[in-house]
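Engineer: Handing you this structure, nothing more for now.
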Amino acid sequence: MNDPLSNQFFSILQFYGEHFARIDEGDIQGWAGDFADDAKFVSPTTDVTTAEKIFNVASKAHEMRSQQGLKNRHYQSGVHINASSDGRASVTSYVLVVMLDGSETQQRLLSTVVRDELVYKGRWTVQARRISFDGRQ
């Protein structure tokens, strides 16, 4: 399996591994750098446009979690990739966010569906992200 489409799938999965590791480890600047300058980010709690605004919202959320002693872990599964030969891909995946408070108990799980539009220009970037939370509109 060394065809261009297989390589594209692999590079997309690699992108997500690095992308979610960045935010989980607190590299908000690096994580926001994975979004196109004019990216759109929509979730039940956020609706912003531009990578700068995405960075600002994520920084505030990370700071709030840090002050509360919380840490997130993102577990991506069920990845469905519709890639094209023009450097674009639509990706739908299930992302379980585990929120830990440093104790031995598990604080909270958030089940999400992430729908991304990716663009490849030397590297993958998120052009648009729509997140839905299971159980919420």
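The values are calculated or read from the model by the stated rules, or taken from the named source; none is laboratory data. Just so it is clear, the structure is predicted and the values come from calculations on it, not from any experiment. Heads up, the Cβs are rebuilt from the backbone with ideal geometry, glycines too, and the neighbour counts pull from every protein chain shown. With ligands, DNA and RNA removed, areas are computed over all heavy atoms of the protein, side chains included. Shrake-Rupley method; radii C 1.70, N 1.55, O 1.52, S 1.80 Å.
Engineer: Among (1) closer than 17 Å to Leu118 by Cα; (2) open to solvent by less than 70 Å² (accessible area, probe 1.4 Å); (3) within 16 Å of the chain's Cα centre (by Cα), where does Asp37 come up short?
Structural biologist: Among (1) closer than 17 Å to Leu118 by Cα; (2) open to solvent by less than 70 Å² (accessible area, probe 1.4 Å); (3) within 16 Å of the chain's Cα centre (by Cα), Asp37 violates only (2).
Engineer: Then there is this: Is it fair to say Asn7 is modelled with pLDDT under 95, over 30 Å from Thr105 (Cβ atoms) and open to solvent by 50 Å² or more (accessible area, probe 1.4 Å)?
Structural biologist: For Asn7, the condition - modelled with pLDDT under 95, over 30 Å from Thr105 (Cβ atoms) and open to solvent by 50 Å² or more (accessible area, probe 1.4 Å) - is met.
Engineer: Let me ask something else about it. Among the candidates Ile131, Ile81, single out the residue that is over 14 Å from the mean Cα position of the chain (by Cα) and touching a residue at least 40 places away in the same chain (Cβ under 8 Å).
Structural biologist: Of Ile131, Ile81, the one residue that is over 14 Å from the mean Cα position of the chain (by Cα) and touching a residue at least 40 places away in the same chain (Cβ under 8 Å) is Ile81.
Engineer: If only one of Ala21, Ala39, Ala61 is among the small types (Gly, Ala, Ser) and either outside any helix (DSSP H, G or I) or in contact with an Asp or Glu (Cβ under 6 Å, 6 or more places away or on another chain) (or both), which one is it?
Structural biologist: Result of the check over Ala21, Ala39, Ala61: Ala39.
Engineer: Report, by residue number, each residue of the stretch 89-110 that is polar (S, T, N, Q), in a strand (DSSP E or B) and either surrounded by 15 or more Cβ atoms within 10 Å (Cβ to Cβ) or more than 13 Å from the chain's Cα centre (by Cα) (or both).
Structural biologist: Ser90, Ser93, Gln106, Gln107
Engineer: Separate question: Given the condition open to solvent by 60 Å² or more (accessible area, probe 1.4 Å) and in contact with a Phe, Trp or Tyr (Cβ under 7 Å, 6 or more places away or on another chain), answer yes or no: does some residue in the stretch 76-88 qualify?
Structural biologist: Checked against the condition, which is being open to solvent by 60 Å² or more (accessible area, probe 1.4 Å) and in contact with a Phe, Trp or Tyr (Cβ under 7 Å, 6 or more places away or on another chain), the stretch 76-88 yields at least one hit.
Engineer: Got a sec? Which of Val119, Val91, Val114, Val57 is aliphatic (A, V, I, L, M) and either in contact with a His (Cβ under 8 Å, 6 or more places away or on another chain) or farther than 30 Å from Gln8 by Cβ (or both)?
Structural biologist: On the way: Val119 fails: either in contact with a His (Cβ under 8 Å, 6 or more places away or on another chain) or farther than 30 Å from Gln8 by Cβ (or both); Val114 fails: either in contact with a His (Cβ under 8 Å, 6 or more places away or on another chain) or farther than 30 Å from Gln8 by Cβ (or both); Val57 fails: either in contact with a His (Cβ under 8 Å, 6 or more places away or on another chain) or farther than 30 Å from Gln8 by Cβ (or both).
Just a single option satisfies the conditions, and that option is Val91.
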